[in-house]
Protein chains: 2
Amino acid sequence: MEVRTTEVPDVDRFCRFSRAVLEHVTSRWGVLVLIALLERSYRFSELRRRVGDVSEKMLAQTLQTLERDGFVHRDAKPVIPPRVDYSLTPLGREAAERIWELTRWVEARLDQVATAQESYDGRP
Amino acid sequence: MEVRTTEVPDVDRFCRFSRAVLEHVTSRWGVLVLIALLERSYRFSELRRRVGDVSEKMLAQTLQTLERDGFVHRDAKPVIPPRVDYSLTPLGREAAERIWELTRWVEARLDQVATAQESYDGRP
């Protein structure tokens, strides 16, 4: 059998890439931005208030990452004063729906997790 | 209307807790451990080989976090040499199935993400 020396690096790159995308959609601000944009499109300052407690820089970085991945559409309107709207692409909507389901599942199970933690911490 | 001054801190704690649990199940090794344990129970050393490229310390920490959350069951058998099996609890199976679906979705969309990134990076 021929040994394909390129196989391992390719698999590895695939895994790293897949991991990176998973991190973008499950990051602290990624989750909140995706869920907010499920409701409707937002302007930057509106989105910042909606997400809460995020710095301008972090929100801009998060949006840029999600835009680069093809999840978020950035629409800069040629008006004065400048207006930029952010919305989900169809791919981003798929991502956001999955993240929304996962966070809802986590929230629905928080009591069970808290009970498990108390039991674990109370062991002799 | 009465102002409930405890409301904000409570919501905040709920959010932090929810966020922490989400991080446990979407962490680099958390994802791989949950997916591996969907197949079957594993001994520590087997699991380490299955997950690949994880240090003993990181795997032990990941398992401990997932056990404390009530996702993983640790079964230390009173035999010589000592034998410890790790398996999913019913709650952990729910988490693992959701994470598995999310990672499958990410992997199915990697080509679209790569195309979006190339287009973004190639802009003037």
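When only C-alpha pairs under 8 Å and at least 6 residues apart count, what is the relative contact order of chain A, in percent?
25 percent
First select every other residue whose beta carbon is under 13 angstrom from the beta carbon of residue A:44; then total the charges, Lys and Arg +1, Asp and Glu -1. Mind showing how you got there, number by number?
Working: positive: A:43, A:48, A:49, A:50, A:57, A:74, A:77, A:83; negative: A:46, A:56, A:67, A:75, A:85.
Net of charged neighbours comes to +3.
Place the label 7 angstrom along Cα→C-beta at residue B:64 and in each other copy, then list the distances from the first to the rest in nm, shortest first.
Nearest first, the other copies' label points are 3.8 nm away.
Given the DSSP H assignment, sum -39500 (n - 2.57) over each helix run of at least 4 residues in chain B and divide by its residue total; what's the result at 222 nm in deg cm²/dmol, nearest 500?
About -22000 deg cm²/dmol.
Over the alpha-carbon set of the protein assembly as shown, divide Rg by the Kirkwood Rh and report the Rg/Rh ratio to two decimals.
Values: Rg = 20.9 Å, Rh = 20.2 Å.
Here Rg/Rh amounts to 1.03.
At 24 angstrom or more along the helix axis (alpha-carbon based) and mean Kyte-Doolittle of -0.5 or higher, what helices does chain B contain? Whole DSSP H runs only.
Membrane-span-like by this rule: B:7-26.
Taking the rotation axis that maps chain A onto chain B, which residue of A brings its Cβ closest to that axis, and at what distance in whole Å?
Output: A:26, 2.
Mind sorting A:45, B:27, B:41 by how few other Cβ atoms lie within 10 Å of their own Cβ, fewest first? Mind showing how you got there, number by number?
Details: A:45 11, B:27 19, B:41 15.
Fewest-to-most Cβ neighbours within 10 Å comes out as A:45, B:41, B:27.
Beyond 14 Å, what percent of the Cα pairs of segment A:53-114 remain?
Working: 1297 of 1891 pairs.
When every Cα pair of segment A:53-114 is considered, 69 percent fall beyond 14 Å.
Cα to Cα, under 24 Å, and not fewer than 8 places away if on the same chain: which lysines meet these conditions relative to residue B:57?
Cross-link targets: B:77.
Quickly work out the residue B:16-to-residue A:20 label distance, labels modelled 7 Å from Cα along the C-beta direction, and quote it in nm with one decimal.
3.3 nm
Between copies, how far apart are the residue A:77 label points? List them in nm, one decimal, shortest first, with each point 7 Å from Cα toward Cβ, please?
Inter-copy label distances (nm, one decimal, shortest first): 6.7.
Taking a ≥ b ≥ c as the square roots of the eigenvalues of the Cα gyration tensor of chain A, is the shape rounded (a/c under 1.5), prolate (a/b larger than b/c) or oblate?
Working: a/c = 2.52, a/b = 1.15, b/c = 2.20.
Oblate, because a/c is 1.5 or more while a/b does not exceed b/c.
Roughly how many whole Å is it from the C-alpha centroid of segment B:62-94 to that of segment A:55-124?
Distance between centres, Cα-based: 30 Å.
Since every read-out is calculated from the coordinates, none of them should be taken as a lab result. This one's a predicted model, so the numbers in the text were calculated from it and none came from an experiment. Glycine gets a Cβ as well: all are built from the backbone with ideal geometry, and neighbour counts include every protein chain shown.
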